[in-house]
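What follows is one structure encoded as structure tokens, with my remarks underneath.
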Protein chains: 4
Amino acid sequence: VDVFVPDDKHVFYSRSEFTYNPKLWPRDELHKDFLNLSHCFGAQRSTVRVPDLDPKYKISVLASKQDHCLFDLLYRWQEGRLPVDISCVISNHDRPEDNHVQRFLQRHGIPYHYLPTTSGNKREQEILELIEGTDFVVLARYMQILSESFLKSYGKDIINIHHGLLPSFKGGHPSRQAFNAGVKLIGATSHFVTTELDAGPIIEQMVERVSHRDTLQSFVVKSENLEKQCLAEAIKSYCELRVLPYELKKTVVF
Amino acid sequence: VDVFVPDDKHVFYSRSEFTYNPKLWPRDELHKDFLNLSHCFGAQRSTVRVPDLDPKYKISVLASKQDHCLFDLLYRWQEGRLPVDISCVISNHDRPEDNHVQRFLQRHGIPYHYLPTTSGNKREQEILELIEGTDFVVLARYMQILSESFLKSYGKDIINIHHGLLPSFKGGHPSRQAFNAGVKLIGATSHFVTTELDAGPIIEQMVERVSHRDTLQSFVVKSENLEKQCLAEAIKSYCELRVLPYELKKTVVF
Amino acid sequence: VDVFVPDDKHVFYSRSEFTYNPKLWPRDELHKDFLNLSHCFGAQRSTVRVPDLDPKYKISVLASKQDHCLFDLLYRWQEGRLPVDISCVISNHDRPEDNHVQRFLQRHGIPYHYLPTTSGNKREQEILELIEGTDFVVLARYMQILSESFLKSYGKDIINIHHGLLPSFKGGHPSRQAFNAGVKLIGATSHFVTTELDAGPIIEQMVERVSHRDTLQSFVVKSENLEKQCLAEAIKSYCELRVLPYELKKTVVF
Amino acid sequence: VDVFVPDDKHVFYSRSEFTYNPKLWPRDELHKDFLNLSHCFGAQRSTVRVPDLDPKYKISVLASKQDHCLFDLLYRWQEGRLPVDISCVISNHDRPEDNHVQRFLQRHGIPYHYLPTTSGNKREQEILELIEGTDFVVLARYMQILSESFLKSYGKDIINIHHGLLPSFKGGHPSRQAFNAGVKLIGATSHFVTTELDAGPIIEQMVERVSHRDTLQSFVVKSENLEKQCLAEAIKSYCELRVLPYELKKTVVF
């Protein structure tokens, strides 16, 4: 059990994890009991999940050219480390048939949708149709900004990985920005997507040391290593119901 | 020996540390030999120091109300961990006679100058007179911005500690800024002072993890711990001639 | 609220922290209510503390020649960072009157007891008398092994700082052991004292990177920095009732 | 350029990295020049490599049932992150044809040799034949102890990954040992193999925080993540000629 009560606010956040026996407490009753409990406390939000009984969270993954986060996510999923079902991968970047991502997806029967975007056409309507029915969406280095109307239409959570230590280095080329700023530590940030670019509630951040010996290229390599871990950690925490929105721009991560 | 050669630039940076015998190689000749060597290579800058023979670097410390960095610096100095002579401490904040900083300074015969500042009078002329003859100046949480003309007049290095992970959270109240931004990592940055606020070349950065449980107060406490270590590390590296300016906004830290 | 239930064991550990109003819930009743609660659950142990109302934990500190941990502890205490009362400092190492520890203790009216030990006489009886009435004892680099009968007679918790990453490098000269082993990371461990040397339940561990450039001397300096932080963290957690014994050799640290 | 001179020893270690133009300085002459230089200084060992010109280091990988390190290594190799040629993978554990390691190896034409071992037959002669011609060997969680005669016959470096923070937790089940010891930090160690079990010179060590909430299972998961990074880092450093043996049980890692 973990309970968090912010100072001077009439609200509390709580997460409980327990050994569950569906014979002693049928799944339906469990649901009803928690719903009643949540009504008692006037809870804005209440979720119950039974890992091995309930269907896994269904997600879509959006990516662009860079595929280190996408492939890492697929690999962890294959290893049973990410408790999700991947409905499809959508990319604005084409990949040949024998590309290792393509091969992986074909082997596991996961559709790959290539939707090239232009400045005038973000293909958002088609993306919305493809991600229908998902529980949340992951942006694994998707280099397009999603519009406010897209976010509104989808209405569910979208988790992004940014290859900079937000709020530093928002926007494009954060590794280059960090390199030019002469920082001694670089980082990655996983966060929820909001209408404000790279400013949604932060879920997880990780850092690594750099020095004058590091080149822009080695900044990128170190950053990619952080991005993979930081995104996987955020997805895992989210699926385990550890991540709760808190105030306007914050998260509780139990 | 450590040598750093940036890609595609006709320059190199080098630092050598060796066991030195003044009988075999008199201090004067050492100086001349390195000067010649530096002329050979057209070096912009060349410094030689013999730790136990040469006078220690003379510094002045500027502080305001917060004294965790100041006192930590004094304590490390007393322990023989910082190879400097402290000519004086200057503060725009008054301290009673029995304050632990005051007592420490009196015991060690280090003058304390109280120079209250106003928005119209930064007392920069008096500070300039007090820091004359120092080798560099340390800002141990001095909460005043030094003017361009001050920096020009002094003409030597000034090391500042900023309680945020630059370039995030420049300016005032970085802990509050970080707290409001909902970050999961906070940091401290020691850097050289330039005319651009909190944008001088970074010497060292350190981070610590925070969570939703942290309050603004605990952000401050964790930050203070980082600031002390980050400033002491920068001063130590600087005195050991490990820190070299590199390009416009960077440092080489050997 | 934090609750921890180990797998397959019929026991749970819990810690609650809340805003307390003594007018609405008198201190006496608070005590009784929690005692009843603890009886309900058959709790082996139950502690309630009201930080600003209850007397602070009373401790004695034992030290030897090295005083970095001792002085750091005193300094944090002076800064109000360690919520304890220090009844006395006991050392088997003499210190002159003008030593900075001695001066500090005199200024704050804390007795300093010099009890030189020999292999035949550990002065344990005198120590027991001096630490009578304390809530727990801190070994701030006390280089003597306390006997089983001493531990039994005192009967309360004793927190030690070991300058190695236990269970590596038990016993004497852990920095030298680590140096000779060619490790790339060194550490410090704060733990409870038991009859088995350096094998009591671990409360906190911290590490720092070392390289081939580090000397035995720099191992010691880096280690001292870790020891101070690691010991202070353990004492603070202990005083906030965050540290619970768990199984034979473990701790829960909420 | 990096030079390391141990105190009070008549030896130095040096590594230089420079932009090389084979037209101005033919590869043969480069070799001869460095050989002469190394004779000048009476060097015990001297190696020169031109990354894009010289053949890559040829390695064999030995693994057992656990394949997280093996697969991570293969994946990094495919990504061009590990500058080696993999001559073969040898395992004392069978894998079906459609296993993801097997598929990967078939796709890239790397032979997989299944050599089941018994307590009486370690198959060392066959392994020696298979690894003939390699530059070094990697043990990616190979759970067999190689005999002294094997090490002698092979005569070149063997890099092992140990899933514990050596010298703690040598031998079998280090995660279980660490779990039972109640540590608050777990680690992984990559090191050279010598005749003494898990006691060869350490190349790299990494740690991660654990708490009372961690189970033996989560110790293993966290450890695997460390092992992969720690082994890859060691191999990369080794191939870049950064790792030099130093004294009996140490390494210089430039």
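Could you check how many residues of segment C:1-33 are among the hydroxyl-bearing types (S, T, Y), more than 17 Å from D:S211 (Cβ to Cβ) and touching a residue at least 24 places away in the same chain (Cβ under 8 Å)?
Residues meeting the conditions: 1.
Could you please find all residues in segment A:202-231 being among the β-branched types (V, I, T), within 30 Å of B:V243 (Cα to Cα) and either touching a helix residue (DSSP H, G or I) at 6+ places or on another chain (Cβ under 9 Å) or within 12 Å of chain B (Cβ to nearest Cβ) (or both)?
Scanning segment A:202-231 gives A:V207, A:V210, A:T215, A:V220.
Filter segment C:140-160 down to residues that are surrounded by fewer than 14 Cβ atoms within 10 Å (Cβ to Cβ), in a loop (DSSP other than H, G, I, E, B), among the small types (G, A, S) and touching a residue at least 12 places away in the same chain (Cβ under 8 Å), then give me how many there are.
Total meeting the criteria: 1.
Condition check ((1) open to solvent by less than 10 Å² (accessible area, probe 1.4 Å); (2) among the small types (G, A, S); (3) touching a residue at least 60 places away in the same chain (Cβ under 8 Å)) across all residues:
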| site | (1), (2), (3) |
| --- | --- |
| B:P167 | no, no, no |
| B:Q177 | no, no, no |
| B:T189 | yes, no, no |
| B:T195 | no, no, no |
| B:S223 | yes, yes, yes |
| B:E227 | yes, no, yes |
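Sort through D:A199, D:A234 and tell me the only one that's more than 10 Å from every other protein chain (Cβ to nearest Cβ) and either on the phi < 0 side of the Ramachandran plot or touching a Pro at 6+ places or on another chain (Cβ under 8 Å) (or both).
After applying the criteria, what remains is D:A234.
So which residues in segment A:159-196 are among the basic types (K, R) and either facing another protein chain (nearest Cβ under 9 Å) or under 17 Å from B:E247 (Cβ atoms) (or both), if there are any at all?
Initially, segment A:159-196 is screened for residues among the basic types (K, R), giving A:170, A:176, A:184.
Across segment A:159-196, the qualifying residues are A:R176, A:K184.
Just to be sure I understand the filter: pairs with C-beta atoms under 6 Å, separated by 6 or more residues or on different chains, first member in segment B:74-98 and charged (D, E, K, R), second member assigned to a helix (DSSP H, G or I) and surrounded by fewer than 20 Cβ atoms within 10 Å (Cβ to Cβ). Which pairs pass?
B:R95/B:V101; B:R95/B:Q102
Scan segment D:202-215 residue by residue and report those that are outside any loop (DSSP other than H, G, I, E, B) and either crowded, with 20+ Cβ neighbours inside 10 Å or among the β-branched types (V, I, T) (or both).
D:I202, D:I203, D:E204, D:Q205, D:M206, D:V207
Could you tell me whether A:L128 is part of a helix (DSSP H, G or I), in the same structural domain as A:S237 (by the TED database) and more than 17 Å from A:D67 (Cβ to Cβ)?
Numbers: part of a helix (DSSP H, G or I): yes; in the same structural domain as A:S237 (by the TED database): yes; more than 17 Å from A:D67 (Cβ to Cβ): yes.
Answer is yes for this residue.
Could we say that D:V220 is of a type in the set (A, V, I, L, M, F, W, C) and within 27 Å of C:K250 (Cβ to Cβ) here? Let's see the steps before the verdict.
Values: of a type in the set (A, V, I, L, M, F, W, C): yes; within 27 Å of C:K250 (Cβ to Cβ): yes.
Here the answer is yes, as D:V220 does meet what is asked.
Being of a type in the set (D, E) and surrounded by 12 or more Cβ atoms within 10 Å (Cβ to Cβ) is the filter here, so list the residues in segment C:108-139 that pass it.
Residues satisfying the conditions are C:E124, C:E126, C:D135.
Is there a residue being open to solvent by less than 20 Å² (accessible area, probe 1.4 Å), touching a helix residue (DSSP H, G or I) at 6+ places or on another chain (Cβ under 8 Å) and either outside any helix (DSSP H, G or I) or closer than 21 Å to A:G172 by Cα (or both) anywhere in segment A:242-249?
Scanning segment A:242-249, I find at least one residue that is open to solvent by less than 20 Å² (accessible area, probe 1.4 Å), touching a helix residue (DSSP H, G or I) at 6+ places or on another chain (Cβ under 8 Å) and either outside any helix (DSSP H, G or I) or closer than 21 Å to A:G172 by Cα (or both), so the answer is yes.
Could you list, in sequence order, the residues of segment A:92-107 that are touching a Ser or Thr at 6+ places or on another chain (Cβ under 9 Å) and open to solvent by 10 Å² or more (accessible area, probe 1.4 Å)?
A:N92, A:H93
In this structure, is C:L165 in the same structural domain as C:Q144 (by the TED database), touching a strand residue (DSSP E or B) at 6+ places or on another chain (Cβ under 6 Å) and over 26 Å from C:E148 (Cα atoms)?
Here the answer is no, as C:L165 does not meet what is asked.
Just one of the numbered conditions (1) among the polar types (S, T, N, Q); (2) farther than 24 Å from B:F12 by Cα; (3) open to solvent by 20 Å² or more (accessible area, probe 1.4 Å); (4) over 12 Å from the mean Cα position of the chain (by Cα) is not true of A:S218; which one?
Just one mismatch for A:S218, condition (2).
Let's see how each residue does on (1) part of a strand (DSSP E or B); (2) farther than 28 Å from A:L128 by Cβ; (3) of a type in the set (A, V, I, L, M, F, W, C):
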position: A:L166; (1), (2), (3): no, no, yes
position: A:F179; (1), (2), (3): no, yes, yes
position: A:S190; (1), (2), (3): yes, no, no
position: A:T195; (1), (2), (3): no, no, no
position: A:G200; (1), (2), (3): no, no, no
position: A:N225; (1), (2), (3): no, yes, no
position: A:K228; (1), (2), (3): no, no, no
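Within segment B:75-91, which residues are within 14 Å of chain C (Cβ to nearest Cβ) and surrounded by fewer than 19 Cβ atoms within 10 Å (Cβ to Cβ)?
Passing the criteria: B:Y75, B:R76, B:Q78, B:E79, B:G80, B:R81, B:P83.
The values are calculated or read from the model by the stated rules, or taken from the named source; none is laboratory data. Since we're looking at a predicted model, the values are computed, not measured. Here Cβ is always computed from backbone atoms with ideal geometry, including for glycine, and neighbour counts include all displayed protein chains. Only protein heavy atoms, including side chains, enter the accessible area calculation; ligands, DNA and RNA are left aside. Shrake-Rupley method; radii C 1.70, N 1.55, O 1.52, S 1.80 Å.
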